[in-house]
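Derivation of every value follows stated rules applied to the coordinates shown; laboratory data play no part. Because the structure is predicted, anything quoted here is derived from the model rather than measured. All Cβ positions, glycine included, derive from the backbone under ideal geometry; neighbour counts span all protein chains shown.
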Amino acid sequence: MDTIVIHGGRPLRGCVHLRGAKNAALPLMAASILAESPCVLHNVPCLHDIFSMDKLLSHMGAITEFTGRYMTLDTTPITTPYAPYDLVRKMRASFFVLGPLVARFGRARVSLPGGCAIGTRPVDIHLKGLEALGCSIELDEGYVIAEGRLRGASFSLDFPSVGATETLIMAASRAEGVTRLTNAAREPEIEDLADFLNAMGAQIAGAGTDTVTITGVPELKGVEHTVIPDRIEAGTFLIAGAVTHGDVTVLDAREAHLTSFLEKLRATGAEVESCGNDIRVNARDDLRAVDLITQPYPGFPTDLQAQMMALLSCADGNGTIKETVFENRFMQAAELNRMGADIELSGNTAIIRGVPYLKGAPVMASDLRASASLVIAGLSAPRGETLVQRVYHIDRGYERIEERLAALGADIRRVRE
Ligand code: EPZ
């Protein structure tokens, strides 16, 4: 397992190109199952999670090609709507194939994804929604067995689940009749999925709001589509720029996708300005502590919570973070405390008492965003060496992170096992 070695305290300076959004590309790949002809995706990030989804689609019979940013997906050869445990367990977003498979084949057998470090990650809302669309759902030996001819229905999600909203939009796009989803998730990745499906011939209105109406169509055709930029990667690089008192510009961003986050970043005293699709952060002075609560979009994104905890660890004053989306997403706190942070956890709230600086130390990554938090903490530490172990977590969501941070002036390298 590779380790990332960081000697911090160096201000990051320069520009970094954003990659396509992992959390948009994954449902887009699953949605290609609905197309009667090949699809082409541009701006696909080169990440382990993308390779996992590619492997699953190929295992089912799809013909895919992924070179650099460009991916072709021909899912017409798929004949067996079956997603095995050993592939789904490696990347829980593989579960996104359930909706498209049952919409296209009338049946599907997909492994339950299981939990992960940040929570039990149930899929009950996905399944209740599919039942509302006329699916019979059976759980057997760790698999979901879904069967039925989908027909339009009204369904209100108990929680604005991103994945469940995506599953139900994909399934409803080929159902007979009209489906109305209320309390739907509003993330930009859902709008990107709806844009892709509508280009394929679907009739989806309201994506990006809490009410989505889908009029099913009998056939969808393959199209070309460009994945939206990764807003979480943008936030991660901006926090790294702020915490090192640097001057960093993320290129090809979408400011509209980051409103709540940028508001909080500005509240720390960092100077943030945007010019077209570029967002620049400048933070010469010490940063101030803030309080934040993670919420479904357009609230503060849970996927930037761990990175902000690293920033607050060495800000002036005491800040709090309330995590309302996942039940166990403070795994980075103990590791940050090993670097000299002063973080106390009380239920779903973290109290962070800012310290003048963190100190380098060997730390262990536990999940994707926690590992990004530890890298940011290492970059901020003016003394000592930070060894972030188990960096396979970070490779799931960030492309060549150490190379791109080094290009901004960081003293960072990867030691391959
Ligand atoms: C997506 O996960 C993202 N992943 C996550 O990003 C992100 O943190 C999350 O949305 C929230 O924004 C992808 O898009 C691939 P949810 P998802 O369903 O869809 C509960 C990252 O770091 N829930 O919105 O799985 C669930 O337990 C990853 O890139 C149910 O109870 O998230 C959680 O507490 C991590 N029943 C909450 O909803 C369900 O059927 C939010 O989950 C579904 C979800």
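Of note:
- Relative contact order of the chain: 21 percent, from C-alpha pairs under 8 Å at least 6 residues apart in sequence.
- The distance from the alpha carbon centre of the range 227-253 to that of the range 91-107 is 33 Å, rounded to a whole number.
- Estimated FRET transfer efficiency (Glu131, Ala267; beta-carbon r; R0 56 Å; 0.05): 0.80
- In plain terms, the residue of Leu405, Leu251 with the fewest other Cβ atoms within 10 Å comes first and the most crowded comes last, giving Leu251, Leu405.
- Of the GluC sites (Glu not before Pro) in the range 173-236, the ones in a loop by DSSP (not H, G, I, E or B) with at most 16 other beta carbons within 10 Å are Glu219.
- When the charge dipole of the range 246-367 is built from unit charges on Cβ atoms (+1 for Lys and Arg, -1 for Asp and Glu) and taken about the Cα centre, the candidate among Ser274, Thr302, Ile321 whose Cα reaches farthest toward its positive end is Ile321.
- For the range 337-415, the Cα-based Rg and Dmax, in that order, read 13.0, 39 Å.
- Only helices enter this figure: runs of n ≥ 4 DSSP H residues, each worth -39500 (n - 2.57), summed and divided by the residues of the chain, yield -8500 deg cm²/dmol at 222 nm to the nearest 500.
- For the chain, a Kirkwood hydrodynamic radius built from all Cα pairs, placed in the Stokes-Einstein relation at 20 °C and 1.002 mPa s, yields a translational diffusion coefficient of 99 µm²/s.
- Net dipole in debye of the chain [+1 Lys, Arg Cβ; -1 Asp, Glu Cβ; about Cα centre; nearest 20]: 400 debye
- Reducing the range 372-412 and the range 172-198 to their Cα centroids gives an inter-centroid distance of 36 Å.
- Square roots of 5 times each gyration tensor eigenvalue, C-alpha, the range 304-344, largest first, Å: 17, 12, 8
- Length added when fully stretched, Leu345-Cys275, from 0.36 nm per residue minus Cα-Cα: 21.4 nm
- Using the Karplus relation 6.51 cos²θ - 1.76 cosθ + 1.60 with θ = phi - 60°, the per-residue 3J(HN,Hα) values for the range 354-367 come to x, 10, x, 6, 8, 10, x, 6, x, 9, 10, 6, 10, 7 Hz, with x marking Gly and Pro.
- Between 0 and 90 degrees, the angle of helix 22-31 with respect to the longest Cα principal axis of the chain falls at about 10 degrees.
- Only Lys, Arg (+1) and Asp, Glu (-1) charged, at Cβ; the range 1-155 dipole about Cα centre in debye: 540 debye
- Between Asp285 and Ala406, the modelled labels are 3.6 nm apart [label points 7 Å from Cα along Cα→Cβ].
- Antiparallel bridge percentage (DSSP; both residues within the chain; nearest 5): 70 percent
- Relative to the current alpha-carbon distance between Asp140 and Arg121, full extension at 0.36 nm per residue lengthens the span by 5.0 nm.
- Between amide H atoms placed 1.01 Å from N, distances below 5 Å from Leu18 occur with Leu251, all of them 5 or more places distant or on a separate chain.
- For the range 73-80, putting each phi into the Karplus relation 6.51 cos²θ - 1.76 cosθ + 1.60 with θ = phi - 60° gives couplings of 9, 10, 9, 4, x, 5, 10, 10 Hz, in residue order, rounded to whole numbers and with x for Gly and Pro.
- Simple Cβ-charge dipole of the range 187-227, Lys/Arg +1 and Asp/Glu -1, about Cα centre, in debye nearest 20: 240 debye
- Evaluated over the range 99-203, the Cα radius of gyration and Dmax, each in Å: 13.3, 39
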